[in-house]
Structures are given as structure tokens and as C-alpha cells.
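Trainee: Structure below; questions to follow.
Only the coordinates and a few stated rules stand behind these numbers; no lab work does. Computed from a predicted structure; not experimentally measured. Here the Cβ positions follow ideal geometry from the backbone for every residue, glycine too, while neighbour counts run over all protein chains shown.
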Amino acid sequence: MFKSITSWLAATSAAMVLMPLSLPASAQSYLESEEVALVFCAYVRDNHTVRLQRKLRDMRIRLRDVYSNIRCNDATLIQFAVKNDAHDIGSFIARSVHIDDIRQVGDFEWMRERNLLETPIGEILAGRFQP
């Protein structure tokens, strides 16, 4: 009896030491979403519209569903695109995201305050906000 308990304790201890530490599901999804946001920010910074579209398709998500939750250096994707002169991908984002989401995060106001409505991205936003 003593020998079987000792064997069980040894096996349990070995299993605990050899078992890889895993994060709780909520922490894993948070890290995954943080990694996805980082990838999106890199695509915007580098003006890679096709890569962003491919990543969205591979993940089976729509940009409009995640837009308001992604920040790049405390800026929205549109603001980040403007700051990095990434007009192609910024224009794609400005056309793709629902106008209510753009209004909610304040992208149009941000661009108007900085006199950026004459940029390619600003022209698209201005056209979408015209009555």
C-alpha cells in the first residue's frame, strides 16, 4: 500500500513538472487578439492592403466587426494609416468600416480637427459623411 502511494506521488510530481504551463482560456484569447491587432497594425504601417484582406479572410472575420477594438499606438487604424502615409490601406479601411463605427471612435472629427480631409483617406470619409 505504501509503495503504491509513493509511486502515485512520484508519478503525479513528475507529471506536474513535465506538464507545460498553460494559460487560462481567457488569457490565451487575450494574447491571441493582441497578436492579431499587432499584425493588423503592421499591415497598416506598411500599407499592405492585400495582406490585411487575406488575413481577414483566413480568420473569417470582417474588419467592421473588430475595427473599434483595435488600437495602434493609441490610434485607430485610420488614424494610424494617416500618420504613416499609408493611403491605400487607409482608403480601404475608410470604405470598409461601418460609418457608425467611424463616428463612434471619432475618426472623422480627428481628421477634420487636423485639416486632413484633403488627403485621400479624408476625401473618402468626407464623402461618406455628406448627407
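Trainee: To check my understanding: the extent here is largest minus smallest coordinate of the Cα atoms along each principal axis. What are those three numbers for segment 66-110, in Å, largest first?
Mentor: Largest to smallest, the principal-axis extents are 24, 21, 20 Å.
Trainee: Would you mind checking segment 92-115 for residues with the amide N under 15 Å from a putative spin-label position 7 Å along Cα→C-beta of Thr49?
Mentor: Flagged as within label range: 92-97.
Trainee: Each residue of segment 87-92 in turn: what ³J(HN,Hα) in whole Hz from Karplus with 6.51, -1.76, 1.60 and θ = phi - 60°, glycine and Pro shown as x?
Mentor: 5, 5, 6, x, 5, 4
Trainee: Label segment 86-131 by shape, choosing from rounded, prolate and oblate, from the square roots a ≥ b ≥ c of the eigenvalues of the Cα gyration tensor; if a/c is under 1.5 it is rounded, and otherwise prolate applies when a/b is larger than b/c, oblate when it is not.
Mentor: It is rounded, given that a/c, with a ≥ b ≥ c, falls under 1.5.
Trainee: Largest first and in whole Å, give the semi-axes of segment 42-83's equivalent ellipsoid, each being the square root of 5 times a Cα gyration tensor eigenvalue.
Mentor: Taking √(5λ) for each eigenvalue gives 17, 13, 7 Å, largest first.
Trainee: Given labels modelled 7 Å from the Cα in the Cβ direction, how far is it in nm from Arg71 to Glu113?
Mentor: Computed distance between label sites Arg71 and Glu113 equals 1.5 nm.
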